[in-house]
Ligand SMILES: N[C@@H](CCC(=O)N[C@@H](CS)C(=O)NCC(=O)O)C(=O)O
C-alpha cells in the first residue's frame, strides 16, 4: 500500500493513526506531499487525486481512496483486527454517529476558524481544486462551535471511557485530532474539563498518537 501524507496536516494524521493502530505502519510506503508548497495543486498530484487533498491511500491492486472515510473503510475491511469502526451493529452505528459529529463540529469547525482568518489562506478558505474567498464571520462562528464541541466532549466523556463506548475507536481518533488541531487557532479545552483531559492523556499514551 502507498499512503500520501503530509506530516503537519490534521486529515492525513487521522489515517496515519488508523494505520498505526492496525499495526500496518511498516507495510505502508509513505509519500510526503508538501502542502506548504502547494504540491497538491500541481499536475502530478492532481493525476493522483483530482480533488487536491491528502490523505490518499493506494492499494496494492492500484485502486485509490481519496478521503479519510474511504481510507478508513478500506483498512477496516481489509484488516479487521483490531476493529476501529465498531465490533457489532450497535457499536458500528455509535462510532459512525460520533465520527460525523467530531468531524463536523470539531475538525471542520476548527478548519473554518483557521481557513477563514489566516492571511496565507486568503483565497483558500476551503480545500480542494476551487478557490474560495474567506468569510470572516465563519471564522468567528467556527471558534464558537469549537467551544461548544469542547463542552459536548467533556459531558460525553463523563458517561463513558471513550467517545462511542467502552472501546477506543476511530471516533476517538477524529475527536483527538480535532482537539490538537484547535491548538492552531489557540483554542484548548477548558482547564477544568477533567473528563476530556483524562481521555486526552489516555490517547496520548498510545504509540499512534506520537505519529
Ligand atoms: N474530507 C477530506 C478532507 C481532506 C483535506 O481537506 N485535507 C487537507 C489537509 S488537512 C488538504 O489536503 N488540504 C489541501 C489544501 O489546503 O489545499 C478528507 O478527510 O480526506
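Candidates 44, 30, 67: the one that is touching a strand residue (DSSP E or B) at 6+ places or on another chain (Cβ under 8 Å) and either under 22 Å from residue 110 (Cα atoms) or not assigned by TED's automatic domain parsing to the domain that holds residue 131 (or both) is 30.
Within segment 47-64, being in contact with a strand residue (DSSP E or B) (Cβ under 6 Å, 6 or more places away or on another chain), within 9 Å of the ligand (Cβ to nearest atom) and over 17 Å from residue 8 (Cα atoms) holds for one residue alone: 49.
Scanning segment 37-66 for residues that are closer than 23 Å to residue 103 by Cα and free of Cβ contacts under 8 Å to residues at least 12 places away in the same chain turns up just one, 65. Out of all the residues in segment 1-27, which are more than 22 Å from residue 106 (Cα to Cα) and either out of contact with any strand residue (DSSP E or B) (no Cβ under 8 Å at 6 or more places or on another chain) or within 11 Å of the ligand (Cβ to nearest atom) (or both)? Of everything in segment 1-27, those that are more than 22 Å from residue 106 (Cα to Cα) and either out of contact with any strand residue (DSSP E or B) (no Cβ under 8 Å at 6 or more places or on another chain) or within 11 Å of the ligand (Cβ to nearest atom) (or both) turn out to be 4, 20, 22, 23, 24, 25, 26, 27. Does residue 4 count as crowded, with 16+ Cβ neighbours inside 10 Å and either at pLDDT below 95 or not in a helix (DSSP H, G or I) (or both)? Taking the combined requirement at face value, the residue satisfies it.
A count restricted to segment 38-77 and to residues that are under 16 Å from the mean Cα position of the chain (by Cα) and over 18 Å from residue 24 (Cβ atoms) stands at 3.
Set side by side, the residues 125, 133 differ, and just one is touching a strand residue (DSSP E or B) at 6+ places or on another chain (Cβ under 7 Å), over 30 Å from residue 202 (Cα atoms) and either in the same structural domain as residue 17 (by TED's automatic domain parsing) or without any contact (Cβ under 8 Å) to a residue 60 or more places away in the chain (or both), which is 125. If you go through segment 28-40 and keep only what is closer than 17 Å to residue 66 by Cβ, part of a loop (DSSP other than H, G, I, E, B) and within 16 Å of the ligand (Cβ to nearest atom), you end up with just 33.
For segment 70-99, the set of residues classified as within 12 Å of the ligand (Cβ to nearest atom) and in the same structural domain as residue 177 (by TED's automatic domain parsing) consists of 99 only.
The values are calculated or read from the model by the stated rules, or taken from the named source; none is laboratory data. Values in this document were obtained by computation on a predicted structure and should not be read as measured data. Neighbour counts run over all protein chains shown; Cβ positions are idealised from the backbone, glycine included.
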